[in-house]
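Engineer: This is the structure, below, for whatever I ask next.
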Amino acid sequence: MDLALRQKDIDFIPEYITEFELKEFVEVIQKHMSSTSFGSLILKSCKKTKNGYRPSKDLKTKIDKFVRSFPEAELAQEGLECEARSEYDYNESCIKKGLPFANTNMFKGPSNEEIKKLWKKKREEKRIQQESITSVSICLKRKGLPAEVVNEHITKQMRYK
């Protein structure tokens, strides 16, 4: 792997972890490691709220330094995988912060409602097509045509629609 080409990923992953994954990390520490010395050190660096602990800026800088201490090859590889699943989330937060490098024209896929409407439309079209093929085949059978001719007609109709 050419590390010069992956510098973007090396810079991306520590920012992503401190921005999006740190809350989950603190919640896990609070639930499972609050009695350990490592857990208490991390929780002391957090802000205490009604709902639990939230990461402070001090903790974010510590975690950022910790993540950057990993070898660059590992950071680049994780950055590739992480960027593939989270580039949209990261870009949205950058837009909210008003950062100049945020991509405002990033592709946004269809919403769940649009997908549902399209699916219903396609399903209805398929049902109508099926009914028309069935009605035509019934008419052809009534006219006394052989079954092979009717089946051939049906397969042609299904192929072209």
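Engineer: Please name all residue pairs, on different chains or six or more residues apart, with Cβ atoms under 8 Å, provided the first residue is in segment 28-39 and is in the same structural domain as ARG54 (by TED's automatic domain parsing) and among the small types (Gly, Ala, Ser) and the second residue is surrounded by 10 or more Cβ atoms within 10 Å (Cβ to Cβ) and modelled with pLDDT under 85.
Structural biologist: Filtered contacts from segment 28-39: no entries.
Engineer: Go through segment 23-45 and report how many residues are over 18 Å from PHE66 (Cβ atoms) and not in a helix (DSSP H, G or I).
Structural biologist: 2
Engineer: Something else about it: Could you pull out the residue among GLU148, GLU113 that is of a type in the set (Asp, Glu), part of a helix (DSSP H, G or I) and over 45 Å from the mean Cα position of the chain (by Cα)? Lay out the reasoning, then the answer.
Structural biologist: Numbers: GLU113 fails: over 45 Å from the mean Cα position of the chain (by Cα).
That would be GLU148, the only listed residue that is of a type in the set (Asp, Glu), part of a helix (DSSP H, G or I) and over 45 Å from the mean Cα position of the chain (by Cα).
Engineer: I need the full set of residues from segment 46-68 which are in a strand (DSSP E or B) and closer than 24 Å to GLU78 by Cα, in order please.
Structural biologist: Of segment 46-68, the ones in a strand (DSSP E or B) are 46-49, 52-55.
The one that is in a strand (DSSP E or B) and closer than 24 Å to GLU78 by Cα: PRO55.
The values are calculated or read from the model by the stated rules, or taken from the named source; none is laboratory data. Here the structure is a predicted model, which means the values were calculated and not measured. Heads up, the Cβs are rebuilt from the backbone with ideal geometry, glycines too, and the neighbour counts pull from every protein chain shown.
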